[in-house]
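The values are calculated or read from the model by the stated rules, or taken from the named source; none is laboratory data. Because the structure is a prediction, the values reported are computed rather than measured. All Cβ positions, glycine included, derive from the backbone under ideal geometry; neighbour counts span all protein chains shown. Quick note on the areas: whole protein, heavy atoms, side chains included, nothing else; ligands and nucleic acids left out. Shrake-Rupley method; radii C 1.70, N 1.55, O 1.52, S 1.80 Å.
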Amino acid sequence: SVLQLPIQIDFEDNNENQIFLSHNENNLRIYFSLNQVKFPNKLQFKYRLKEREPWNVLAYNNVLQLNYLNQGTYKIELQITNEDNGVQKTQTLLILTVNPPFYLTFPFLLGFVLVFLFICVFVYKARIKYLSDKQKRALVLLELQNEQDKKQLIFDKKLANVELQALK
């Protein structure tokens with residue numbers, strides 16, 4: 001059961017069952033049973049989530065409780081040891097994939113990076129336009145000052161000519 005919702009898994013066709021869960025469906029309880037067993041109380045159950053992990057003994061013989069699974073793929077295997085005759089069998093229960101949250105998926109991260117780059121380019125172009133406009137305003141102001149200085153010089157020259165002629 002996932003989030004108290006039962007999931008039926010059939011192992012008779014010997015295919016590996018695969019379940020995909022979202023990131024908030026990471027608590028799982030698996031009930032299982034064995035048919036046609038002479039001494040069910042002589043069975044010992046162990047499980048592991050990944051092939052390279054050590055086996056864990058089940059606290060309850062027919063219930064596997066998995067809480068707070070991280071994102072990733074888990075191949076849940078069950079090892080059954082018959083303590084009466086020493087036979088040991090390993091069975092893959094299911095392959096479980098816990099998907100990451102949407103903000104850790106490739107499309108979201110790609111979109112985020114593209115939006116961030118777009119904003120950076122927009123800010124860069126806006127800054128270039130601002131500096132260009134500021135430079136143009138400074139040039140216009142400088143031209144106006146030069147023009148005013150020229151007029152002042154022309155006026156001073158004419159005034160000096162008038163004063164010179166008045167003194168003659």
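Quick notes
- About its Cα centre, the dipole of the chain is roughly 1200 debye, where the only charges are +1 on Lys and Arg Cβ and -1 on Asp and Glu Cβ.
- Subtracting the Cα-Cα distance of PHE122 and LYS50 from their residue separation scaled by 0.36 nm leaves 21.2 nm.
- Estimated from helical segments only, the mean residue ellipticity of the chain at 222 nm is -14000 deg cm²/dmol, where each DSSP H run of four or more residues counts as -39500 (n - 2.57).
- Given the chain, longest segment not containing exposed loop chymotrypsin sites (Phe, Trp or Tyr not before Pro) (DSSP; at most 15 other Cβ within 10 Å): 69-168
- Computed over the chain: relative contact order in percent, which uses C-alpha pairs under 8 Å that are six or more apart: 20 percent
- Karplus-based coupling profile of the range 103-120, in residue order and whole Hz: 6, 10, 7, 4, x, 5, 5, 5, x, 4, 5, 5, 5, 4, 5, 4, 5, 4, with θ = phi - 60° in 6.51 cos²θ - 1.76 cosθ + 1.60 and x standing for Gly or Pro.
- Loop GluC sites (Glu not before Pro), the range 43-119, which have at most 16 other Cβ atoms in a 10 Å radius of their Cβ (DSSP): GLU51, GLU83
- Calculated FRET efficiency, VAL140 to LEU114, Cβ-Cβ distance, R0 = 30 Å: about 0.20 to the nearest 0.05.
- The residues of the chain present an accessible area of 82 Å² per residue when probed at 1.4 Å with all protein chains retained.
- Fully extended contour minus Cα-Cα distance, from ASN35 to THR97, at 0.36 nm per residue: 19.5 nm
- Over all pairs of different C-alpha atoms, the chain has a mean inverse distance whose reciprocal, the Kirkwood radius, equals 23.4 Å.
- Multiplying the residue separation of ASN67 and ASN24 by 0.36 nm and removing their Cα-Cα distance gives an extension gain of 14.4 nm.
- In the chain, the portion of solvent-accessible area held by carbon and sulfur atoms comes to 57 percent [1.4 Å probe, whole percent, DNA, RNA and ligands not counted].
- Whole-Hz couplings from phi, Karplus 6.51/-1.76/1.60, listed for the range 136-153; x for Gly and Pro: 5, 4, 5, 5, 5, 4, 5, 5, 5, 5, 4, 5, 5, 5, 4, 4, 5, 5
- Label-point gap, in nm, between ASP84 and LEU153 - each point 7 angstrom along Cα→Cβ: 11.7 nm
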